Structures are given as structure tokens and as C-alpha cells.
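Structure first, commentary second.
The values are calculated or read from the model by the stated rules, or taken from the named source; none is laboratory data. Note that the structure is a prediction, hence the values are computed from the model and not measured. Neighbour counts are summed over all protein chains in view; Cβ atoms, including those assigned to glycine, are modelled from backbone coordinates with ideal geometry. Keep in mind that these areas ignore ligands, DNA and RNA; they rest on the heavy atoms of the full protein, side chains included. Shrake-Rupley method; radii C 1.70, N 1.55, O 1.52, S 1.80 Å.
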Amino acid sequence: FKVKWQEEVIAEEAQMLCLHMGGELASIENINQQKFIENIIQTQGVSQGVESDYFIGYIEEDVNGVYSWSDDTESDYTYWAAGEPSDPRPNNCVKLDMDQEYKWADTVCNDTLPFVCEYTDTPCQSSDECHEELGECYMGQCRCKPGYHGDGVEACQDINECYFQPCGEHGQCNT
């Protein structure tokens, strides 16, 4: 996991930045991962004077109250703050809410917040060690080339630029 506390962006841009760096917005599958991320926030962000909420990759679908992870992780784990989710409109994003001890709260995806990325450890010395056609070695880690996501070694898939609605400028939607 990597907490990007220096940047505040909308959720769609956070997802694209994570993908560009070879990761995804974080999916949190258990309390241990939740507490690990909270510890990173406390030691990196708060210690640098950044007290904020943070986007994670839990996204509400078109149906109000139905959420899924942006990286398609299958997990029943949730860590909602009391009374959450509270926005009756569909298509919300989820944040770690600083005022609720980093429990989860829904928020509009156009809020600008720091965010948490998750990466698969895929060390490399050269691009020859990465996915044959769509991978590259970047800063010592395999990642998929721009426009693709995956682990950069075994799998790189075309990005669905329209996961967030509406589709971003210049986005190409996978249907």
C-alpha cells in the first residue's frame, strides 16, 4: 500500500494515478489491512501535517447501496462509520473518514482528497522480466503500459476509463 497524502484529486484521477504507477486504488479485505493503512496515514501523512480523509477503491454502482472494489476484489469486509453509507444518491465513492477514526464514509466522487494505492510486488531489473507485450520495468517494478492495468508480469488488461460516471475527457469506454 502507498498513501498519496501529497496529492488531492477527484476519485477518477486518483484511480488513474494509481494505475499509471502500476497499482489500483486500495481494496481493504480485513481489519489488519485497515489498521496497516491507518498506521501509514499516521506515520506519513499526519506527521507531515496532512490531516485529511482518503479515497479508497470501494465504489458505489448505479444501484444505490451496492458497492464493489474498483480492482474487482471479492470481499465481504466493510468498516463503515456509524450511519454510513448515508448519501441516498447512487455512484458515490468511499473515503477513510479522519473524523470517524478512519472508518468508511460515502462521499461524492468529485471531492478532492488524498488517496491510497495498492501494489503487487513485481520486482524487475529490465522490461524483459515483465509482461511480453504490455509490461515495462518502471522504478524497479513491473507495471502495465499506460492504458492497461494488472500486475505487469502475468496480466495486463485494457483500462475501463468509464468506471467512474460520467466517462472522463478523452476516455474510451469498455462495454
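Look at (1) closer than 25 Å to Tyr138 by Cβ; (2) surrounded by 21 or more Cβ atoms within 10 Å (Cβ to Cβ) and you find that Glu13 fails only one, number (2). Residues of the stretch 84-117 that are among the aliphatic types (A, V, I, L, M) and either touching a Leu at 6+ places or on another chain (Cβ under 6 Å) or open to solvent by 40 Å² or more (accessible area, probe 1.4 Å) (or both): Met98, Val108. Screening the candidates Ala155, Ala81 for the property of being surrounded by fewer than 17 Cβ atoms within 10 Å (Cβ to Cβ), over 15 Å from the mean Cα position of the chain (by Cα), under 22 Å from Glu29 (Cβ atoms) and in contact (Cβ under 8 Å) with a residue 24 or more places away in the chain yields one hit, Ala155. Restricted to the stretch 41-65, and to residues there that are among the hydrophobic types (A, V, I, L, M, F, W, C) and open to solvent by less than 20 Å² (accessible area, probe 1.4 Å), the residue that is nearest to Lys2 (Cα to Cα) is Ile41. Once the stretch 16-31 is narrowed to residues that are open to solvent by less than 50 Å² (accessible area, probe 1.4 Å) and either at pLDDT 90 or above or hydroxyl-bearing (Ser, Thr, Tyr) (or both), the residue that is farthest from Cys156 (Cα to Cα) is Ile28.
Per this entry, Asp71 is counted among residues that are outside any strand (DSSP E or B) and under 14 Å from the mean Cα position of the chain (by Cα). Only one of the numbered conditions (1) open to solvent by 60 Å² or more (accessible area, probe 1.4 Å); (2) not in a strand (DSSP E or B) is violated by Gln34, and that is (1).
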